[in-house]
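What follows draws every value from the coordinates through simple rules; no lab data is involved. Bear in mind that the values here come from a model prediction, so they are computed numbers and not experimental data. Methodologically, a virtual Cβ is constructed for each residue, glycine included, from the backbone with ideal geometry; neighbour enumeration extends over all protein chains shown.
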Amino acid sequence: MRAMLESLMALQQIELQIVDIRRQLAAKQDSVARQAHKVRAAEQALLAQREELQRAQIEMDEVDLDLKARNAHISKLRDNLNAVRTNKEYAAVLSQLNNEKADLSRLESRAYELMAAVEARKKSLTEHQETLEQEAKRLAILESQLAEAQGSLADRLTSLERQREQASRNLDPKTLELFNRISERYDGEVMARVIQVHPRRQEYLCEGCNMSLAAERANSLMTRDEVITCDNCGRILHLEKGS
């Protein structure tokens with residue numbers, strides 16, 4: 001392999017390590033972001049449950065006050081029933097008393113429904129609280145893992161970036177620009193090996209995209225130290241040593 005292609009291969013080895021470290025960190029950052037989203041969703045769900053419980057408790061308190069008022073009114077009507085002097089007055093008070101009792105019965109049924117709803121919402125609130133605590137613990141673990149990874153990989157990444165800068169000096173600006181562009185597109189996989197399909201025929205493939213190559217390109221790599229790219233994927237082609 002020629003000197004320039006040797007330099008490109010060396011740079012790619014460094015680039016792949018840098019890309020791998022950044023990929024690891026990005027994956028952990030994504031995990032933290034997704035978990036943080038889960039925590040926010042759990043917090044919102046918990047808040048909604050608290051608001052629903054509060055509304056149910058307010059309604060239950062209102063019904064309870066109404067029950068007390070109606071019971072007091074029924075007691076008063078019973079006293080009036082014993083104090084009336086005519087059958088007409090008695091019938092009127094009795095009718096009003098029966099109506100109040102019917103309303104009281106319906107109100108008591110509503111109170112029981114609200115009591116059940118409040119208990120159900122309290123249970124749901126407890127479950128949402130537990131879910132939030134679990135998600136928050138998971139987030140803390142992921143954040144700790146991210147911080148640990150950032151700390152452990154920081155020195156390695158800095159060292160690799162210095163090596164990359166040094167290796168880049170062996171290339172002219174135009175070639176380096178091409179390298180960087182391909183690296184960004186293929187996550188550091190800039191170089192692609194040329195494969196001879198059959199040892200007795202001049203049939204070649206680009207290992208990067210598995211598409212056929214013109215024999216002229218492979219022959220040029222055997223004789224010239226220059227950048228030759230695949231027509232299909234755009235990667236820089238190279239031959240194995242000894243080819």
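Quick one: of the DSSP bridges fully inside the range 190-238, what percent are antiparallel, nearest 5?
Details: 7 of 10 bridges.
In the range 190-238, approximately 70 percent of DSSP beta bridges are antiparallel ones.
Can you sort SER7, SER159 so the residue with the fewest Cβ neighbours within 10 Å comes first? Working shown, then result.
Details: SER7 20, SER159 12.
Least crowded to most crowded, the residues run SER159, SER7.
Distance from the Cα centre of the range 1-71 to that of the range 168-243, in angstrom?
42 Å
Hey, got the Cα dimensions of the range 77-197 along the principal axes, in Å, largest first?
119, 35, 32
Please work out how much length the chain gains when fully extended from SER159 to ALA111, using 0.36 nm per residue of separation minus the C-alpha to C-alpha distance, in nm with one decimal. Let's see the in-between values first.
Numbers: separation 48, 0.36 × 48 = 17.28 nm, distance 7.10 nm.
Separation in residues times 0.36 nm, less the Cα-Cα distance, equals 10.2 nm.
Answer with a single label: of (i) 30, 20, 17; (ii) 86, 20, 12; (iii) 27, 21, 19, which was calculated as semi-axes √(5λ) of the Cα gyration tensor in Å from the structure in view?
(ii)
Evaluate Rg over Rh across the range 21-77, taking Cα atoms for both radii and Kirkwood's formula for Rh. Don't skip to the answer; put the middle values down first.
Details: Rg = 24.6 Å, Rh = 15.4 Å.
Over the Cα atoms of the range 21-77, Rg/Rh equals 1.60.
Taking the chain as the reference, fit the longest principal axis to its C-alpha atoms, fit the long axis of helix 87-168 to the helix C-alpha atoms, and give the angle between the two in degrees, 0 to 90, nearest 10.
The helix 87-168 is inclined about 20 degrees to the chain.
Pull out the extension gain between MET9 and ARG224, defined as 0.36 nm times the separation in residues minus the alpha carbon to alpha carbon distance; nm, one decimal. Walk me through the intermediate numbers first.
Details: separation 215, 0.36 × 215 = 77.40 nm, distance 1.59 nm.
Value of the extension gain: 75.8 nm.
Compute the distribution of all C-alpha to C-alpha distances in the range 190-238, in bins of 10 Å from 0, and list the percent of pairs in each, rounded to whole numbers.
31, 60, 10
Which aspartates and glutamates does LYS68 reach when only Cα atoms under 20 Å apart count, and residues fewer than 8 places away in its own chain are ignored?
List returned: GLU59, ASP79, GLU100, ASP103, GLU108, GLU113.
Starting from the 7 Å offset along Cα-to-Cβ, what nm value, one decimal, do you get for the label separation of ASP61 and GLU184?
6.1 nm
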